[in-house]
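Here's the structure we're looking at; comments come further down.
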Amino acid sequence: MPKLTQRSVTALPVEPKDYFVWDATLPGFGVRVLPSGVKTYQVQYRKGARTRRAALGRHGTITTEEARTIARGMLGQVAGGLDPVEEIALERMAPTMADLCDRFLELHVDVRLKPGTARDYRAQIRQRIKPALGCFKVTDVHRKDVANLHYRMKGTPTQANRTLAVLSKMFNLAEMWGLRPDGTNPCRHIPKYKENKRERYLTHAELMRLGDVLTAAERDGSETPFVTAAFRLLLLTGCRLMEIQTARWDYITDRGLELPDSKVGRRCVPLPNAARAVLAGLPRTGGHPFIIEGKRPDAHITDLQHPWRRLRAKAGLDDVRIHDLRHTYASIAVSGGMPIQMVGRLLGHTQLQTTLRYAHLADDPIRAAAETNSAAIFASLSTPPPRPSGPGHLRVVK
């Protein structure tokens, strides 16, 4: 057949076995006739020692000339040294975002991240990333796709920014693993939402109310001594919740609470006398390794959120989170004149910027000192304070 045409392809007979008919004017372009009667346009060429062939579309779905145009373009790529059929095969086998998520969890999250951070990453992937992007090919995700996901989460700006951060790390690793070209991270240049940092510190009166509630809970047995001790230790040390919740007796030394691993790695938390008194008052089950004992043998307590909700309700502190106890520790230290750098070391911060969120509290003692000083000076003045003049006030001129 000198040249394939719409009419000539339609007229090709159906035989018991499939066969090919090749176009004489464009070598490598042809049609395959199947016993079922289906006819598909084909392109075929040799690349090295291999013969490559790919279907271009069904006869009737595309015309002969449309198929010829596609074949001519692919054969032109072959002449330029490319292998379009191999690229199509690789594209079909390319991993999806769901595959990348699984690999990211296995090779990065489970290996390099702390358990708490790993849980957060898994939740982000399970609840947000996989449902939105899981069926996409890794190479097919563009900035607009990530931006749309980020925009749909605008009602929860903090979560939106966390999802963006997880995706960004995931695409950086995808580039390192050769799953995307270098410099194609689609998260770049997507602005984060402004987050309203929540700052809640307990006042002196609130601390007294909380102390009364903790004491009452200890006396009436409504909470275990380990629960009340946990919250006292959080206030007295400024520790993170998991640092106290998972602390062991063998971590306690003359230096303090020596944590072999924390959010910032190994660190030693000073234990003042008040904190050591709380520890000394705790009952100890023989051989139990954890300070804050749980209900199961040889296990620490796993839930302090429910006890905290009960206790804060009794103290009238419904808007106070457990982490705000750590903020309170820092605020009292800064307000008392402790240098920011020292507060950062007590809290276990690795970046000064993290501690600077409390810097404005250092103004409180300065304002108080200014008020005390000016009051002393004013009291020493012999002249009475000036009275306001204006309507209703008579001014006597002698």
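For this structure, a couple of remarks:
- Across segment 186-230, the number of residues qualifying as within 30 Å of P283 (Cα to Cα), in contact with a helix residue (DSSP H, G or I) (Cβ under 6 Å, 6 or more places away or on another chain) and among the β-branched types (V, I, T) comes to 3.
- Pick from segment 330-349, criterion small (G, A, S) and surrounded by fewer than 18 Cβ atoms within 10 Å (Cβ to Cβ), ranking: nearest to the chain's Cα centre (by Cα): S335
- Qualifying residues in segment 238-260 (those that are within 24 Å of the chain's Cα centre (by Cα) and not in a loop (DSSP other than H, G, I, E, B)) - the one surrounded by the most Cβ atoms within 10 Å (Cβ to Cβ): I244
- Of all the numbered requirements in (1) in contact with a helix residue (DSSP H, G or I) (Cβ under 6 Å, 6 or more places away or on another chain); (2) free of Cβ contacts under 8 Å to residues at least 24 places away in the same chain, T51 misses one, and that requirement is (1).
- Taking the numbered list (1) surrounded by fewer than 16 Cβ atoms within 10 Å (Cβ to Cβ); (2) outside any helix (DSSP H, G or I); (3) free of Cβ contacts under 8 Å to residues at least 24 places away in the same chain in turn, N185 passes all entries but (1).
- Wholly within segment 77-145, helices (runs of 4 or more DSSP H) carrying at least 3 residues that are among the aliphatic types (A, V, I, L, M): 84-93, 97-104
- Selection count, segment 146-167, where residues are of a type in the set (S, T, Y) and not in a helix (DSSP H, G or I): 1
- Output for segment 261-276, where each listed residue is exposed (fewer than 12 other Cβ atoms within 10 Å of the Cβ) and outside any loop (DSSP other than H, G, I, E, B): N273
- R68 vs. criteria outside any strand (DSSP E or B), touching an Asp or Glu at 6+ places or on another chain (Cβ under 9 Å) and among the charged types (D, E, K, R): yes
- Residue selected from segment 199-221 under the condition outside any helix (DSSP H, G or I) and touching a residue at least 40 places away in the same chain (Cβ under 8 Å), by the criterion farthest from G134 (Cα to Cα): L202
- Close pairs (8 angstrom Cβ cut-off, 6 or more residues apart or separate chains): acidic (D, E) in segment 144-169, surrounded by 13 or more Cβ atoms within 10 Å (Cβ to Cβ) anywhere: D145/L133; D145/F136; D145/P186
- Test result for T40, outside any helix (DSSP H, G or I), more than 30 Å from R180 (Cβ to Cβ), within 48 Å of the chain's Cα centre (by Cα) and not assigned by TED's automatic domain parsing to the domain that holds F171: no
The values are calculated or read from the model by the stated rules, or taken from the named source; none is laboratory data. Predicted model, so just to flag it, every value in this text is computed and none were measured. Methodologically, a virtual Cβ is constructed for each residue, glycine included, from the backbone with ideal geometry; neighbour enumeration extends over all protein chains shown.
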